[in-house]
Amino acid sequence: MRIGLGFVLAIFTGALWGMIASVLIGIALTMVTGLPGTPVVFSGIVAGAASGATISFRPAALRSRGLAIAAFFITILALLASALMMPFSLPLSQAPLVQALAIALFGLSVTGGTWVCLRGIEPGANSRYKRETLLVRVFRGIGFVFFTAIVVLPFYVMVMTSLKSQQQLLLNPMDMSIDLSQGPQALFRSYVELFTQFNFGRFLLVSTLVSVITVLITLAFSIPGAYAVSRLRFPGRDLLSRSVLLIYMVPAIVLVIPLYAVFSQLGLRNSLTGLLIIYPATTVPVALYMLQGYFKGLPPELEEAGLMDGLNRIGVIFKITLPLALPALASVSLYVFMIAWNEFLFAFMFLDDPAIFTLSRGVVSLNSSEVPRQHLMAGAVVATIPIMVIFLWFERFLVQGLTAGSVKG
């Protein structure tokens, strides 16, 4: 076997995976156990380098499952030896089962990540294509792990905090574990109190009402506008089509001050009517832009056939165009609903009456010294779960609608 640049790249790849795995697993261990542990990054790098060297010790065509198992155990042994049996700065006698699981997870993640990245990479010389492929695999995998951790860890902290009592949070704020022995009544006490004491059910109702009405108003204006831009000929059509998104060049914080003054004079501040004027004004441009791309991709011959059969233009839109545009309408509706549901700045500036607070405004109202932190986190969970479920359910429509009209043929 010839050892060359490929072997060095394998060691570098393993060391990189070892560093990232030690940090993330160390943080997770501290959150699960509440123990003041810190990952030994140097040991993670050494263990990862040992994993990469073991995997790359044999040519790519001769690597087997046995080699992967050997790399797994060598990774764990290197981690324990280089960290003096304290890979997370904690004696193994403290939470031994959890630490054993963390060490095994470290070995699996480092060995698995390194194995996948080094697939087809020889320990000696490699072509430029193989070297570039290795770099793409490494950075793509690390990017996926990094952004997943950014999303999952805050959400995990939010959920775990909402399931704790005030006493548990004061005793050990870093302990994100759950005591299931306390029973469901104590476990979900924050959620019960959220709806019984802080009027959170009304916030949900108001946000749902505002979001649904915003979707309906947006579709009522954007459908005829997008159809006109994509099908009809009139002066300024191209200018309108290209400039429809110019409103997004102006930051919302710049618009909120004059709107606040105008709405105060008109009596629209501290009312849902004001929000139902602002929200569609900010969502109609992007909805119009998305729909016109889809309408342009529909065969105009279908509409011409409808006109020849006696339908007027409105009948063509409702009986031919809209049924064919259901994926785009679903994606636009979902996108607009998410914008209205999550919007905070205008709701924060214009609403003062708790009876008409939207969900985002209601969550912020919980952020005070008088409200326990677990109630704030429970409110954040309640605000996040519905839109997450809706997004995952209609994701296929969103992707299909966003890509519709991008290719003609």
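The values are calculated or read from the model by the stated rules, or taken from the named source; none is laboratory data. Worth saying up front: this structure is predicted, and the values here are computed from it rather than measured. Because the Cβ atoms are built from the backbone with ideal geometry, glycine has one as well, and the counts that use them run over all protein chains shown.
Values for this structure:
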| item | result |
| --- | --- |
| Number of positions in region 310-352 that are part of a loop (DSSP other than H, G, I, E, B) and under 30 Å from V363 (Cα atoms) | 4 |
| Members of region 103-146 that are touching a Pro at 6+ places or on another chain (Cβ under 8 Å) and either under 18 Å from L77 (Cβ atoms) or polar (S, T, N, Q) (or both) | I103, F106 |
| Pair list, Cβ under 7 Å, 6 or more apart: region 5-26 residue part of a helix (DSSP H, G or I), other residue among the acidic types (D, E) | G6/E122 |
| Residue that is modelled with pLDDT under 80, within 20 Å of L291 (Cα to Cα) and outside the structural domain of I25 (by TED's automatic domain parsing), where the choices are S222, S177, S243, S211 | S243 |
| Out of L97, L92, L62, sole residue that is surrounded by fewer than 18 Cβ atoms within 10 Å (Cβ to Cβ), assigned by TED's automatic domain parsing to the domain that holds V23, without any contact (Cβ under 8 Å) to a residue 12 or more places away in the chain and in contact with a helix residue (DSSP H, G or I) (Cβ under 7 Å, 6 or more places away or on another chain) | L92 |
| Matching residues, region 47-59, being surrounded by 21 or more Cβ atoms within 10 Å (Cβ to Cβ) and either in contact (Cβ under 8 Å) with a residue 24 or more places away in the chain or in contact with a strand residue (DSSP E or B) (Cβ under 8 Å, 6 or more places away or on another chain) (or both) | A47, G48, A49, A50, S51, G52, A53, I55, S56 |
| Counted residues, region 340-362 - those being free of Cβ contacts under 8 Å to residues at least 60 places away in the same chain and not aromatic (F, W, Y) | 1 |
| Filter result for A226 (in a helix (DSSP H, G or I) and over 30 Å from G315 (Cβ atoms)) | no |
| Inter-residue pairs, beta-carbon under 6 Å, first touching a residue at least 40 places away in the same chain (Cβ under 8 Å) and in region 213-239, second of a type in the set (F, W, Y), 6+ apart | T214/Y279; V215/F337; A226/F295; Y227/F295; S230/F295 |
| Residue match in region 292-302 (condition: assigned by TED's automatic domain parsing to the domain that holds W341, over 13 Å from A226 (Cβ atoms) and among the basic types (K, R)) | no |
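Here is a yes/no grid of residues against (1) in contact (Cβ under 8 Å) with a residue 40 or more places away in the chain; (2) under 30 Å from V210 (Cβ atoms); (3) in a helix (DSSP H, G or I):
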{"residue": "F263", "(1), (2), (3)": "yes, yes, yes"}
{"residue": "N270", "(1), (2), (3)": "yes, yes, no"}
{"residue": "G274", "(1), (2), (3)": "yes, yes, yes"}
{"residue": "I278", "(1), (2), (3)": "yes, yes, yes"}
{"residue": "A281", "(1), (2), (3)": "no, yes, yes"}
{"residue": "V286", "(1), (2), (3)": "yes, yes, yes"}
{"residue": "G293", "(1), (2), (3)": "yes, yes, yes"}
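Condition check ((1) surrounded by 16 or more Cβ atoms within 10 Å (Cβ to Cβ); (2) touching a residue at least 24 places away in the same chain (Cβ under 8 Å)) across all residues:
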{"residue": "V110", "(1), (2)": "yes, yes"}
{"residue": "I142", "(1), (2)": "yes, yes"}
{"residue": "T148", "(1), (2)": "no, no"}
{"residue": "F155", "(1), (2)": "no, yes"}
{"residue": "S162", "(1), (2)": "yes, yes"}
{"residue": "P173", "(1), (2)": "no, no"}
{"residue": "I178", "(1), (2)": "no, no"}
{"residue": "P184", "(1), (2)": "no, no"}
{"residue": "Y191", "(1), (2)": "yes, yes"}
